[in-house]
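Asks: Sharing a structure with you now.
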Amino acid sequence: MAEVKLNIQQGEPSSFDIYDEDGKVGEMIFDITGKDLTVYHTEVEPEKEGMGYAKILLDSMVAYVRENGLMIIPMCPYVHAQFKRHEDLYKDIWNKIKEE
């Protein structure tokens, strides 16, 4: 069973970290400026790829953004691809103006 922990840092990027029985197995790196959460990078340990951990991180980040009235700037290739593939799911929180 995977567990996601929010790691907010002051003055440096924050992250959503995902853990399973083996410890930390992935992270999603982001910054918050004003009402924008810019997500830069998603990474899962190679031996854990294909197990849905990146999607769990994405879902956790999206829930956090919605709960806190933020908008997402998806600089991370994985997040950007998911937003483009499923635009109807994320159009309410996708800040396309700042992305360009």
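Asks: Quick one: which of M75, M71, M61 is in contact with a Lys or Arg (Cβ under 9 Å, 6 or more places away or on another chain), of a type outside the set (D, E, K, R) and at pLDDT 95 or above?
Replies: Residue meeting the stated conditions: M71.
Asks: Output the qualifying pairs, or none if there are none: Cβ atoms under 7 angstrom, residues six or more apart or on different chains, first residue in the range 26-38 and more than 15 Å from N7 (Cα to Cα) and surrounded by fewer than 19 Cβ atoms within 10 Å (Cβ to Cβ), second residue modelled with pLDDT of 95 or more and not polar (S, T, N, Q).
Replies: Once the first residue is more than 15 Å from N7 (Cα to Cα) and surrounded by fewer than 19 Cβ atoms within 10 Å (Cβ to Cβ) and sits in the range 26-38, its partners that are modelled with pLDDT of 95 or more and not polar (S, T, N, Q) give K35/G69; K35/L70; K35/M71; D36/L70; D36/M71; D36/I73.
Asks: Which ones in the range 71-100 are out of contact with any Asp or Glu (no Cβ under 6 Å at 6 or more places or on another chain), surrounded by 17 or more Cβ atoms within 10 Å (Cβ to Cβ) and hydrophobic (A, V, I, L, M, F, W, C)?
Replies: I72, C76, V79, F83, I93, W94
Asks: Another one. From the list V65, V4, V39, which residue is of a type in the set (V, I, T), in contact with a helix residue (DSSP H, G or I) (Cβ under 7 Å, 6 or more places away or on another chain) and within 18 Å of L89 (Cα to Cα)?
Replies: None of the other options fit; the residue is V39.
Asks: For L6, work out the one condition from (1) surrounded by 19 or more Cβ atoms within 10 Å (Cβ to Cβ); (2) in a strand (DSSP E or B); (3) over 9 Å from the mean Cα position of the chain (by Cα) it doesn't fulfil.
Replies: Failed condition: (1).
The values are calculated or read from the model by the stated rules, or taken from the named source; none is laboratory data. Just so it is clear, the model here is predicted, and its values are computed rather than measured. Positions of Cβ are generated from backbone atoms using ideal geometry, with glycine treated the same way; all protein chains shown enter the neighbour counts.
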